[in-house]
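Quick note: the coordinates plus some simple rules give every number you see, no bench work behind them. None of the values given here were measured: they were computed from a predicted structure. Here the Cβ positions follow ideal geometry from the backbone for every residue, glycine too, while neighbour counts run over all protein chains shown.
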Amino acid sequence: MGFVRWFHQLASPPYVYRLAGRLAPWFAVSGVILIAGGSYGGLVLAPPDYLQGDGYRIIYVHVPSAYLGMLAYMVMATSAAVGFIWRMKMAHGLAVSAAPLGASFTFLALVTGGIWGKPMWGTYWQWADARLMSELLLLFLFLGYMVLRASFDDREKADRVSAILAVVGVVNVPIIHYSVEWWSTLHQGPTIARLDAPAITMDMLAPLLVMIVGFTVLFAWLLCKRLQGEILDREGRARWVAQLTGGVSA
Amino acid sequence: MTEFFLMGGYAAYVWSAYGITLIVLMVNIWAAYRRHAGMLARAGREGRLEASGRQPTVREI
């Protein structure tokens, strides 16, 4: 019963707005601390790699960015699907909020990957690499979702049509993950998410895990703030918003 | 200390990757707060106009 009640509360704009506002500062503080600590661990504490020397330290920003791009996509597609099926405006609002965040993390993954690739592979970019292509497609899916939305004046229509694009694009996420196994090209294979033990020592792995958690918490923080803005955009004329801004006395 | 900044010869790559990451994260934080503040201000303007009982002009919204 508690769950059903909670699910219904999640459809209520003022409830979600206040919840996001209450959670945001906690995510902000813990995200900044984790990323600062993880960067120190990755740049100072972790030993240099036997093959790549200090150049491998780009992993501590590259892998969390790539992971967050995919996580943001799953958040976007899942909430867009929930919004489509149950006609839940708040779910569409969450999907809209995740899109620009996912696009920027994916952009970061591509850029830091290129910078890492130059000294190790001898090139910033390789058109024939399946990992690079599927990651670029992920960026285009985020951008396509935003451009598609912007082409509609009617927000409800934008919600429904863009949700279909978001859900269809989910196919690309497992392709990104398995691309390095299915097509063995330039990008190296998985380091952490393997069936057997991670192929990395603990003193190198620990800062990476801290960074991944830190990026995730930062994403949650910005998702809360973006959702708050999105809710006000959608509910601008509601009475609870007027009370919030002092336009109407309670 | 100098050794740390030199990054074993990879300084240009490591620091540009971290620098771009920092910039993108900061821009995202700024953009999320700016949008929220912008929407709050807009809702406030609309609320005051409605309280005054007059139709807002396009310019005011």
Give me the orientation-averaged projected area of the Cα convex hull of segment A:17-233, in nm², one decimal.
12.7
Report the one residue of A:THR191, B:MET26, A:ILE58 whose Cα lies farthest in the direction of the positive end of the charge dipole of the protein assembly as shown (charges on C-beta: Lys and Arg +1, Asp and Glu -1; origin at the Cα centre).
B:MET26
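So, with +1 on the Cβ of K and R and -1 on the Cβ of D and E, and no other charges, what is the size of the charge dipole of chain A about its Cα centre, to the nearest 20 debye?
940
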Apply the Karplus parameterisation 6.51 cos²θ - 1.76 cosθ + 1.60, with θ equal to phi minus 60°, to every residue of segment A:50-55 and state each ³J(HN,Hα) to the nearest whole Hz, in sequence, with x for glycine and proline.
5, 9, 9, x, 7, x
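Quick one: dipole size for chain B, taken about the Cα centre, charges +1 on Lys/Arg Cβ and -1 on Asp/Glu Cβ, in debye to the nearest 20.
The calculation lands at about 440 debye.
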Grab the other residues whose beta carbon is less than 15 angstrom from that of A:THR185, score K and R as +1, D and E as -1, and report the net.
-2
Just tell me which lysines come within less than 16 Å, Cα to Cα, of A:LYS157; anything on the same chain fewer than 8 places away is out.
A:LYS89
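Could you tell me the relative contact order of segment A:1-101? Use alpha-carbon pairs under 8 Å, at least six residues apart, and round to a whole percent. Please list the in-between numbers first.
Working: 51 pairs, mean separation 25.1, N = 101.
That works out to 25 percent.
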For chain A, longest principal axis from Cα atoms; helix A:13-40 axis from its Cα atoms; angle between them, nearest 10 degrees, is 20
Within straight cross-link reach of A:LYS225, meaning Cα distance under 14 Å, which aspartates and glutamates are found once same-chain residues fewer than 8 apart are removed?
A:ASP233
Using the Cα centre of segment A:158-250 as origin and beta-carbon charges of +1 (Lys, Arg) and -1 (Asp, Glu), tell me which of A:VAL170, A:VAL180, A:GLY229 is placed farthest towards the positive end of the dipole.
A:GLY229
Just need log10 I(q)/I(0) for segment A:153-250 at q = 0.13, 0.19, 0.21, 0.23 Å⁻¹, Debye formula, equal scatterers on the alpha-carbon atoms, no solvent, rounded to two decimals.
-0.80, -1.12, -1.19, -1.23
So A:SER30 and A:THR123, fully extended at 0.36 nm per residue minus their Cα-Cα distance, gain in nm 29.8 nm
Check each of the chymotrypsin sites (Phe, Trp or Tyr not before Pro) in segment A:1-60 and keep only those in coil by DSSP with at most 12 other C-beta atoms within 10 angstrom; list them in order.
A:TYR50
